[in-house]
Every structure is written in C-alpha cells, then in structure tokens.
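Input: a single structure, listed below in structure tokens.
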Amino acid sequence: MSIDKKAAGAVSDDLVTEGAFALYRAENAHRVSEFRKSDNADAAIAADFDAYRIRYLRKFRDFTESLSEQGLTVTRSA
C-alpha cells in the first residue's frame, strides 16, 4: 500500500494547525472565555486565532521539534 505524500502532507498540516489552535486556546483562555459570551463565539474565536495564526503555527512547530529531539512525537488520537 502506497501513501500519497501530498495527502500525508495535508494531514500533517492539519495536525499542526489544530495543535496551533489548541496552543492558542490554552495560552489565551481568558480571551476565549470572553469570546464565548458573544452570540457568534466560534467565529470570534476563529477570527482572533487567524490574527495570531503565524505565531502559533511557529510555536507549535517549535514545540513538536523539541519533543522530537527527545524521541517523542505528536500524533492524533483515534
């Protein structure tokens, strides 16, 4: 069975983006809780994350690289 590298890359990118979003939510819990009070909370949170997307993508990649140097990996649970 052959794995399509483009598809594998997309899955990896999705994992990084979702990891970056989780990191954003963890570091900005106070902002997220304020956004949750609005009528369109999910859109407000997504818009705020988009403003900081590059920063959190870089932070998450740095985090996963640090783990990798110690022989650990980040994977998606089933």
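Sort ILE45, ILE54 so the one with the fewest other Cβ atoms within 10 Å of its own Cβ comes first.
ILE54, ILE45
After finding the eigenvalues of the alpha carbon gyration tensor for the range 5-69, what semi-axes result from the square roots of 5 times each, listed largest first in whole Å?
Three semi-axes, in Å: 25, 14, 8.
What's the exposure ranking of SER77, SER68, going from fewest to most Cβ atoms within 10 Å?
Starting with the residue having the fewest Cβ neighbours, the order is SER77, SER68.
Sort LEU15, LEU72 by Cβ crowding within 10 Å, fewest neighbours at the top.
The most exposed by this proxy come first: LEU72, LEU15.
Between SER68 and LYS37, what's the calculated FRET efficiency when r is the beta-carbon distance and R0 is 35 Å? Round to 0.05.
0.35
Read-outs: derived from the displayed coordinates by stated rules, not from any lab. This is a predicted model, so every value here is computed, not measured. Reconstructed Cβ throughout: ideal geometry from the backbone, glycine too, with neighbour counts over all protein chains shown.
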